[in-house]
Amino acid sequence: MSAPLRLKLRPKADGIAIDAEGLLPERLAGLSRGEVERLPIGTGGGRPLLGDLFAVSGDPGESLDLEGDLSGFARLGAGMTRGRLTLVGPAGPCAGSGMCGGELCIEGPASDRAGEGMRGGLLRIRGDAGDQLASPLPGHPHGMNRGAIIVEGSVGTMSATRMRRGTIVIGRDAAPGAACGMLSGTLIVLGRLGEGAGALMRRGTLVALGGARPLPVFLDAGACRHPFLELYYRQIEAAGLALPPTARAARYRRHVGDISDLGQGEILIPEGAE
Amino acid sequence: MSVLLFAVSGKELARQVERRVGQCVLTAPTSAVFSGIEGEPISLGKNLRFFGDGYQNSKVIGGRRYWRIPVMDGEFLVEDRAGVRKGVAGGNFLILGETAGAALIAAERAVEAIQALPGVILPFPGGIVRSGSKVGSKYKKMIASTNSAYCPTLRRSVTTALPEEAGGVYEIVIDGLGLAEVERATAVGVRAACGPGVVRISAGNYGGKLGKHLIRLRPLLQ
């Protein structure tokens, strides 16, 4: 069995800023290693070749590993439809933009707008994520529409804006403004959900296991148990994230809103975590 | 708790599943319903959700859709679809006892042993059938009628299958996910039934005319 294709960033390429759209396992599969090295990357004239920026090893196939400080590489994994792309190191802005299948795993932090306009597949970020996680593509009315995002660390402001479908799990805290204008879908925050979450949301579910202070446009609908959460918790644990010890035993206080809009969204907070 | 439901056709099964889950599970405190087997999908929560009167909502978790329906004790959680596949129904054996009481005690032992097995159910109440049937009847509209050869009171009226010392018969009927499951359950049940007061173990084979599968007891136990 051959080793997966591995591209290791050369020291001279550190700090380079480039649009890396198209650097996908599905595009490279079927090419020889030499052909991979001769592929241009980025946009415009004078584009560098992959072999100039990366040391190439392994054989192209359904998996591709990129290694190095990729914080200057924008749109890594953009438009991905299948296969597995692993980034060992920090990822630049818009990682996984518009992806609709496959698995993109970032073994480090991700910059802003990761998973923007996502339509399927799995985006996993082992570190923190920047602002506007899973935001809409520029000019689009909806944000994430299917798929799953797991962030093991914290996320920046305005995550899951106008989310339409899918599931996002945040391992630690979510900064203010999460799920604004949410249309549907689920955002589970194992830490604390920041201020202003769910403003103008129509439907959908926010779960704040570490507590939250809902806006006044969310009405307290009392506490009860929600059996569907157990299904999520099994998936979260299967993904290797640890739940707070009280997550299963607690009753959840349900805040419904945003009543200045459709008002069918909900924020679930375990009792005692408010 | 897991439940297997059997019907003569997929269409009928789909109708019955929806009706019975709506009547018997949705109504039960703290219940939730999930599909336990993979197979041809039929509606489960897909239509039951309308009981939520617009307040229901769905979640797709792990690629499967679930419906959350608000009810008076919180939420009823039901999977959108259930899996259906072809099974084997109507596997059976007969326990001939010296008395009806002895046959009943043996049948209860068999039921207890079979109920511990996966992939099979005993579709009749308590798992024991006293009104075994034969194919056909003297009445045209009846497709099945009492198994007269095993009725003690008809011993002198029809050609009987009962030995002289048999005073009562009970039937165990087994439905399963496949032939192997039914065969295994039959073997386990027969072994458990054998004991004091049991004269003979037999089975209804309906002249070999009913169903695709024929389970022979002797090879099963050897």
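Being crowded, with 19+ Cβ neighbours inside 10 Å, free of Cβ contacts under 8 Å to residues at least 24 places away in the same chain and away from chain B (no Cβ under 14 Å), is that true of even one residue in the stretch A:265-273? It would help to see each step written out before you state the result.
In the first step, residues of the stretch A:265-273 are kept if they are crowded, with 19+ Cβ neighbours inside 10 Å; the result is A:265-270.
Of the ones still in play, those that are also free of Cβ contacts under 8 Å to residues at least 24 places away in the same chain are none.
Among the residues of the stretch A:265-273, not one is crowded, with 19+ Cβ neighbours inside 10 Å, free of Cβ contacts under 8 Å to residues at least 24 places away in the same chain and away from chain B (no Cβ under 14 Å), which makes the answer no.
Residue by residue through the stretch B:26-50, note down the ones that are in contact (Cβ under 8 Å) with a residue 12 or more places away in the chain, of a type in the set (A, V, I, L, M, F, W, C) and within 14 Å of another protein chain (Cβ to nearest Cβ). Full working, then the answer.
As a first pass, look at the stretch B:26-50 and keep what is in contact (Cβ under 8 Å) with a residue 12 or more places away in the chain: B:26, B:29-49.
Within this subset, residues satisfying the condition of being of a type in the set (A, V, I, L, M, F, W, C) are B:26, B:32-34, B:37, B:42, B:44, B:48.
Matches in the stretch B:26-50: B:LEU26, B:ALA32, B:VAL33, B:PHE34.
Taken over the stretch A:123-148, the criterion of being surrounded by 21 or more Cβ atoms within 10 Å (Cβ to Cβ) and within 14 Å of chain B (Cβ to nearest Cβ) is satisfied by A:MET144, A:ASN145, A:GLY147, A:ALA148.
Could you please let me know if B:LEU96 is surrounded by 15 or more Cβ atoms within 10 Å (Cβ to Cβ), modelled with pLDDT of 95 or more, within 11 Å of another protein chain (Cβ to nearest Cβ) and out of contact with any Asp or Glu (no Cβ under 7 Å at 6 or more places or on another chain)? Steps first, please.
Values: surrounded by 15 or more Cβ atoms within 10 Å (Cβ to Cβ): yes; modelled with pLDDT of 95 or more: yes; within 11 Å of another protein chain (Cβ to nearest Cβ): no; out of contact with any Asp or Glu (no Cβ under 7 Å at 6 or more places or on another chain): yes.
Answer is no for this residue.
Looking at A:VAL169, A:VAL207, which one is within 12 Å of the chain's Cα centre (by Cα), within 13 Å of another protein chain (Cβ to nearest Cβ), modelled with pLDDT of 95 or more and not in a loop (DSSP other than H, G, I, E, B)? First the steps, then the outcome.
On the way: A:VAL207 fails: within 12 Å of the chain's Cα centre (by Cα).
Just one listed residue meets the conditions, A:VAL169.
Here is the figure for the stretch B:60-93: residues that are outside any strand (DSSP E or B), within 11 Å of chain A (Cβ to nearest Cβ) and touching a residue at least 24 places away in the same chain (Cβ under 8 Å) total 1. Filtered by the rule that a residue be within 14 Å of chain B (Cβ to nearest Cβ) and not β-branched (Val, Ile, Thr), the stretch A:149-166 gives A:MET163, A:ARG164, A:ARG165, A:GLY166. Reported count of residues in the stretch A:172-198, each being crowded, with 22+ Cβ neighbours inside 10 Å, over 20 Å from A:CYS100 (Cα atoms) and either within 14 Å of chain B (Cβ to nearest Cβ) or touching a Cys at 6+ places or on another chain (Cβ under 9 Å) (or both), is 3.
Taking the stated definitions as given, is A:GLU230 surrounded by fewer than 16 Cβ atoms within 10 Å (Cβ to Cβ), facing chain B (nearest Cβ under 10 Å) and under 23 Å from B:MET72 (Cβ atoms)? Criteria met by A:GLU230.
Residues of the stretch A:67-80 include none that is part of a loop (DSSP other than H, G, I, E, B), of a type outside the set (Val, Ile, Thr) and more than 18 Å from A:GLY96 (Cα to Cα). When restricted to residues that are over 21 Å from A:ARG164 (Cβ atoms) and either among the acidic types (Asp, Glu) or without any contact (Cβ under 8 Å) to a residue 60 or more places away in the chain (or both), the stretch A:195-214 contains 2.
The values are calculated or read from the model by the stated rules, or taken from the named source; none is laboratory data. Computed from a predicted structure; not experimentally measured. Ideal geometry is used to build each Cβ from the backbone, glycine not excepted, and the neighbour counts take in all protein chains shown.
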